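Visitor: I'd like to ask some things about the structure below.
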Amino acid sequence: MKVSSPINILFLYTELAGYLVACLNHLAEEYPVSIKLIHWPINDEAPFNFEFQPNIEVIDKGSKPVLDLIESAKSFDPKIVYVSGWVDKSYRNIASFFMKKNVPVILGNDNPWKGNLRQRIACLISSFYVKPYYSHTWVPGRGQYEFARRLQFSKQNILLGFYSADVSLFKVEQNQKRNLPSTILYAGRFLDWKGVRELYQSFRELKKESNNDWKLLMIGRGPL
């Protein structure tokens with residue numbers, strides 16, 4: 001199928017990550033699209049320096065007034081809008097505008113259903129806090145799918161396979177024998193919700209239970 005002109009896709013994102021940039025670059029390189037990416041300022045705990053394909057316009061949300069961002073999004077005239085979460089009020093304003101124009105607006109949600117009070121309240125108010133802003137939601141797994149259903153998204157409007165990776169960073173050399181060190185490597189931020197405490201404690205317990213030469217190497221930044 002021939003496409004006469006690129007399809008405009010607007011991404012409204014919180015914190016950038018390497019896997020996201022890899023996916024956007026692949027999308028921009030392999031498909032006839034033009035991408036506008038608006039994102040939160042780079043986190044000091046994850047000071048990445050990303051490179052983007054030339055057909056991706058990148059805007060740091062902290063560098064422009066909110067009204068300018070909204071006008072920039074409107075003038076881009078996207079055919080698809082993706083929003084990472086519902087916490088950003090300015091993103092919800094943009095989403096609402098395009099929903100009224102019948103543009104598909106996709107909510108990214110990686111929160112699994114836990115049935116806690118906060119999630120139950122979100123389900124109760126979904127009809128006026130979530131549904132008016134997003135036509136679809138994109139989730140990574142079964143737990144998130146269950147949450148999406150409770151947020152009143154229909155089955156056909158729940159998209160699966162949300163997460164991916166920068167596969168160029170994970171290359172396995174076949175048929176080459178190497179003496180690899182017995183080391184588990186964690187590379188990421190030192191935050192409670194990353195599970196680093198559990199990893200550390202579990203490794204210590206395993207070391208006590210068995211006599212082995214394994215080591216744990218943790219590299220990153222953060223309050224822990």
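Laboratory data are not the source of any read-out in this text; all were calculated from the coordinates shown. Remember, predicted model here, so these are calculated numbers, not experimental data. Using ideal geometry, Cβ is built from the backbone for each residue, glycine included, and neighbour counts are taken over all protein chains shown.
Visitor: Can you list the lysines whose alpha carbon sits under 30 Å from that of LYS89, skipping same-chain ones fewer than 8 residues off?
Guide: Answer for LYS89, where 30 Å is the Cα cut-off: LYS36, LYS61, LYS64, LYS74, LYS79, LYS100, LYS101, LYS114, LYS131, LYS155, LYS194, listed by chain and number.
Visitor: Distance from the Cα centre of the range 17-49 to that of the range 104-163, in angstrom?
Guide: 23
Visitor: Still on this structure, I have one more. Hey, with R₀ at 22 Å, roughly what FRET efficiency would GLU15 and VAL167 work out to, going by the Cβ-Cβ distance, to 0.05?
Guide: Working: r = 21 Å, r/R0 = 0.96.
The formula returns an efficiency of 0.55 here.
Visitor: For the range 83-130, which semi-axes, largest first and in whole Å, follow from the square roots of 5 times the eigenvalues of its Cα gyration tensor?
Guide: Rounded to whole Å, the semi-axes are 22, 11, 9.
Visitor: At 37 °C and 0.692 mPa s, what whole-number value in µm²/s does Stokes-Einstein give for the translational diffusion of the range 102-159, with Rh from the Kirkwood sum over Cα pairs? Intermediate results must be reported in sequence, preceding the final value.
Guide: Working: Rh = 11.3 Å.
Estimated diffusion coefficient is 291 µm²/s.
Visitor: Rounded if a/c is under 1.5, else prolate if a/b is larger than b/c, else oblate: which is the range 14-75, with a ≥ b ≥ c the root eigenvalues of its Cα gyration tensor? Show your work: numbers first, answer last.
Guide: Working: a/c = 2.71, a/b = 1.10, b/c = 2.47.
Since a/c reaches 1.5 but b/c is at least a/b, the shape of the range 14-75 is classed as oblate.
Visitor: Give or take rounding to whole Å, what are the principal axis extents of the alpha carbon atoms in the range 114-224, in descending order?
Guide: The Cα atoms of the range 114-224 stretch 57, 35, 26 Å along the principal axes, largest first.
Visitor: Please give the length that would be gained between LEU117 and SER154 if that part of the chain were fully extended, namely 0.36 nm times their separation in residues minus their C-alpha to C-alpha distance (nm, one decimal). Write out the running numbers ahead of the final one.
Guide: Details: separation 37, 0.36 × 37 = 13.32 nm, distance 2.26 nm.
Fully extending the segment from LEU117 to SER154 adds 11.1 nm.
Visitor: Would you please give the FRET efficiency between GLU51 and SER96, computed as 1/(1 + (r/R0)^6) with r the Cβ-Cβ distance and R0 = 22 Å, to the nearest 0.05?
Guide: The pair GLU51/SER96 has a calculated efficiency of 0.10.
Visitor: Provide Rg and Dmax in Å for the chain, with only Cα atoms included in the calculation.
Guide: Reported Rg and Dmax, both Å: 20.7, 65.
Visitor: With a cut-off of 17 Å, note down the residues of the range 145-171 whose backbone N falls inside the zone around a label point 7 Å from the Cα of ILE7 toward its beta carbon.
Guide: 157-162
Visitor: Go ahead and estimate [θ] at 222 nm for the chain from helices alone: -39,500 (n - 2.57) per DSSP H run with n ≥ 4, summed, over the residue count, rounded to 500. Intermediate results must be reported in sequence, preceding the final value.
Guide: Values: 7 runs with 71 residues, N = 224.
Using -39500 (n - 2.57) per qualifying helix, the result is -9500 deg cm²/dmol.
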